[in-house]
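The values are calculated or read from the model by the stated rules, or taken from the named source; none is laboratory data. Every value quoted in this text rests on a predicted model; they were computed, and no experiment measured them. FYI the Cβ positions are ideal-geometry reconstructions off the backbone, even for glycines, and counts take in every protein chain you see. Side chains are part of the model used for accessible areas, which takes the heavy atoms of the whole protein and leaves out ligands, DNA and RNA. Shrake-Rupley method; radii C 1.70, N 1.55, O 1.52, S 1.80 Å.
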Amino acid sequence: MWRRSASFVLDKHHNNKPISLTPSLDSMAEVNPNPNPNPNPNPISAYYQTRAKHHGIVTSDWLEQAQAAVVRYPDKDSPVAGRRPFSVIEEFDCWRQQPDLAEAVAAVRALAAVIRASEATTMMELEIELKKASDTLKSWDTTSISLTAGCDLFMRYVTRTSALEFEDFNAAKARVLGRAEKFGEISYKARKIIAVLSQDFIFDWCTILVHGFSRVVLEILKTAAQNKKLFRVLCTEGRPDKTGVLLAKELAKLDVPVKLLIDSAVAYSMDEVDMVIFGADGVVESGGVINMMGTYQIALVAHTMNKPVYVAAESYKFARLYPLDQKDLEPALRPVDFGVPVPPKVEVERSARDYTPPQYLTMLFTDLGVLTPSVVSDELIQLYL
Amino acid sequence: MDPRRGPLAVPKVRRVGFFTSIEPSPETPRPNRSLSGPAEAITSSSPLSDSPSGQFISPVQIPPSRHHSDNLASRAAPVPVPGPSAFRRQLANDRALHVGSYNPVDSLLGTSPPSSNGEVSEDSGSLFGFQRSDSAKLSASFPNGGFDMTLRVRAPQESEAKVAIASTSDGRKKNVEASGEGESVAAKPLKEKETKSLKEKTSKAERRAIQEAQRAAKAAAKGEGSKRAGESSRPKPSKPAKQPQPKKEAPQATSSVSEKRAVSVEKERRMDVPQTQMQYDDKSRVDKAKRRSVVEQTESKNKVELFLHLPQYERGNQLPNLSSNIFSLDTIHHAVYKVGLQHLAGDIAGDNARCIAMLHAFQEAINDYTTPPMKDLTMDLTAKINGYVSFLIECRPLSMSMGNAIRFLKNQIRKLPVDLSEPEAKASLCSEIGRFIDEKILLADKVIVQHAVTKIRDGEVLLTYGFSCVVEMILLYAHEIGRKFRVVIVDSRPNLEGQKLLRRLVTRGLDCTYTHINAVSYIMGEVTRVFLGASSIFSNGTLYSKVGTACVAMVANAFSVPVIVCCEAYKFHERVLLDSICSNELGDPDAIANVPLRNNKKHSKTMDNNKNLQFLNLMYDSTPAEYISMIVTDYGMIPPTSIPVIVREYRREDLLL
């Protein structure tokens, strides 16, 4: 029966699907590559390139693949750059360089810059231009949920004002710009708001399990440490890009007691954990989250052991997606470094994230407040419909 | 991130918990409901704002002084000590007061239009708060549910009526106590406060009246419980009836005889507290309903005890009877009559089809309608529609979606501008009905198909249960756009609706497997998605659908197969459903008993004359929300927890006010 099972069919289906490659690959190609043990170099999710760049973790495999990919796909898909002097992507890249700035916020800033640089003379033109820019950004990385959701929300927020039609164009443009900047500001501050909101949940002498590296989670823990809370953090290693190590390093700087675990030791140490906090790549309509690979299994273990699972996510990560199962997502692929050469004929699961259904989550810390998973859909319906 | 959302659309205030009013619309200011006191809080503890009080705003505002001097002062006068005895006394007390003091209510009731006064008054009897909450909907899904018209006229008395309801009936007091214990505790401090503030305001005469009332109540409390009912209807001469009663057309009907009053109070109580369905185990009401009914129904013999409250009639034998007196029934429009017969005979099955057929019939009926002289179109047409609806109910109980559609239609009639001429009004109604069919049903189905197809990928095995036209459309469309998938059709006796679907899919070249529900646990292992249709979805996410659906959903859940429910948003219902017993429909019991290819003669002999044997042919069951992964509706794909959001945000503009 297993041959007929859809997961098998779908897996094959996904592995054969070509994914459009992004133009930013060449910037990373200068590091010396190792011999490549992985037999099938596939394109890599741009989202994870950004992450890798920010976190300074570059695996040898991945670079090898990047180079191979660049050779295979010459840099042809930079659709905006040649057409006009101003390019969203360039602007976006420029914002993206700041390691503290989330991708979506960078996108929002870039879109605001589009409005500023626009030479449109009517509101309609401006809107079309904005739409084009946002589509370009979205197509820059189709796998990044927060980028797509951030762009969509921006468009909603900025262009949906009833008063725009009745105003003089320049005034209207100024208003739109104002709103755009406000939105950028709000998105930028979201992390701080979440950190403040979540403080009620961190009590003295608690043990917190975190997975991977999330800037929101780091912000929460940092704020808690600044508030003189006494707590202990268990960091998973976060294979394969070892982002957990990075988080442990940051926390150690703050004098927070940290313990590093390998990813497979989660169940072993769950009984000493008081709560689990995750970040999120995206929050979907069911209230579940899409996050770094391994989140789902930790949530399952925590649920079984009756530990609360909190997810910290900015509201620009709310996406109108509704995955029914793990394979129901656009897979974001990334290289996996096993440390040893992978024998030939052996397949490697390279998906970078998984989907955690809402029933395993206790609360979501967002800048809209502390929400139960079911409220996410409420918010999304109010925002989009 | 509130500033972001502010200008996005209409700023939305999220109201959590119990709130009654939607938003005070400017042209019709609404009486402050909180004033009408704890008894009402007890009875109208509905989480939804669609309670009749919230919906039907009275054209005349209640002078607040009345509330103060009568309602609250009298109610609050007894010692506000929590405890059953105090509570009872208090109840007895203000029961007496109300009965005495609201003559105009009674008389008004007496003069309210008889057409709308019909079955509702008989059918509504219970006191549970939740039932009250959807009386608006009930008016639609209800035999003759005309009280939205009457309510409009009587709305000023509504709050008092409610109080009276809460307190009058003796037998129900326990109910009130049980359901209201929590609230009553919460209400007490408030009451106390008000007592204080109001005591100063009450005049001497009023205080004396209160005192007397208390005394009377004490006496009543000492007496036996059974006597109390009679006592309650005793008029209170001391009660000053000097309030400025907002009357419309109330000649003082001087019902000085106490019994008469009791009857009319009782009547009003019933009118104001309707329920979804007539409780068919209530003998007197069933008899009354029978006398009025158009369709002659024979009750089935061996009833299942748990389902006595549902209409239990043998199907089939009314049909010749009905079709024979088609010419004698001139009150029912022929188009409606036809639809009724089709429902009865089962020619039209499926919720959407039934609803569309009914709406088309109404369209025709409205086209042929002329307002009789000296009558108002709004009133008369509503009464007419009520008559049609009660006829349709006699043919077959309405589905939830039909109830919603009728409610929509009635609201349209109610909203008609007064200055519209008759042909214009008719044309506008017909186009509104057409728009409802197009937008809420046909277009919604298309949108649902578009959404649902995104969840069908190559290589999948889809399971569906019974026959749902939306699911059929989804499967056919997915096949059309070239998805490679396989379909498992699960079917069940006695209707075997799945065969229809099977036939249609196979002729279009889909790869199908057909099995009965007995094999569902076997076949589920290879299934990757379950698509289900719905008859209705309730606010708590409970799916109300053809019987067997719950079984399929639960098996799917056990196999961790996602269950996708496809349902148009007009079928959503703001009520809450917990089990399949309260709200259901009984099919023909013989359909279960008669197995084809069996020696029928011998078989039926043992079956028919056996007192110990009852057949239960349930038509619907309810699936709890946790077995549903996703609901595909015209507003997109939502989790079952979001049903109330849709009902709250979108249905108001269509259906209400």
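Numbers at a glance
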read-out	value
Value of relative contact order over region A:85-191, rounded to a whole percent, pairs C-alpha under 8 Å and six or more apart	32
B:G459 long-range amide H proximity, modeled H, under 5 Å	B:K484, B:F485
Per-residue mean of C-beta atoms belonging to partner chains within 10 Å, peptide B:527-534	2
A:A252 versus B:Y522: modelled label distance in nm, points set 7 Å from Cα along the beta carbon direction	6.1
Cβ-derived FRET efficiency at R0 45 Å, A:E127 paired with B:A349, nearest 0.05	0.40
Inter-chain Cβ neighbour average for residues A:322-329, partner chain, 10 Å	5
Kirkwood Rh in Å, taken over all unlike Cα pairs in region A:85-191	13.7
Averaged over A:365-377, number of beta-carbon atoms from partner chains that fall within 10 Å	3
Those trypsin sites (Lys or Arg not before Pro) in region B:449-526 that DSSP places in a loop and that have at most 15 other beta carbons within 10 Å	B:K484, B:R508
Neighbourhood net charge (9 Å Cβ-Cβ; Lys/Arg +1, Asp/Glu -1) for A:I262	-1
Projected label distance in nm at A:D200 and B:K375, using a 7 Å step from Cα toward the beta-carbon	5.9
A:I128 accessible area, 1.4 Å probe, all protein chains in place, Å² to nearest 10	90
Relative contact order of region B:314-440, pairs being alpha-carbon contacts under 8 Å that are 6 or more residues apart, as %	31
5 angstrom amide H check on B:Y620, placed H, neighbours 5+ away	B:V547, B:E585
Pairs beyond 22 Å (Cα-Cα), from A:K259/A:K307; A:K132/A:K173; B:K288/B:K415	B:K288/B:K415
At R0 = 45 Å, FRET efficiency that the Cβ-Cβ distance of A:T207 and A:K182 yields, to 0.05	0.70
Whole-percent pair-distance distribution, where bins are 5 Å wide, for the alpha carbons of region A:267-344	3, 12, 21, 19, 17, 14, 9, 4, 1
Modelled FRET efficiency - R0 51 Å, A:E347 with A:R116, Cβ distances, 0.05 increments	0.60
Simple Cβ-charge dipole of region B:314-440, Lys/Arg +1 and Asp/Glu -1, about Cα centre, in debye nearest 20	300
Net +/- balance of residues flanking B:G340 in space, Cβ distance below 12 Å, scoring K and R +1, D and E -1	+1
Dimensionless Rg/Rh of region B:314-440 - Kirkwood Rh, Rg from C-alpha atoms	0.97
Distance (nanometres) between label positions extended 7 Å along Cα→Cβ at A:T304 and B:L420	6.3
Pairs from B:K384/B:K571; A:K192/A:K317; A:K228/A:K249; A:K192/A:K229; A:K222/A:K242 whose Cα-Cα separation, in the structure shown, is over 22 Å	B:K384/B:K571
Rounded to the nearest 20 debye, dipole of region A:85-191 from Cβ charges on Lys, Arg, Asp, Glu	360
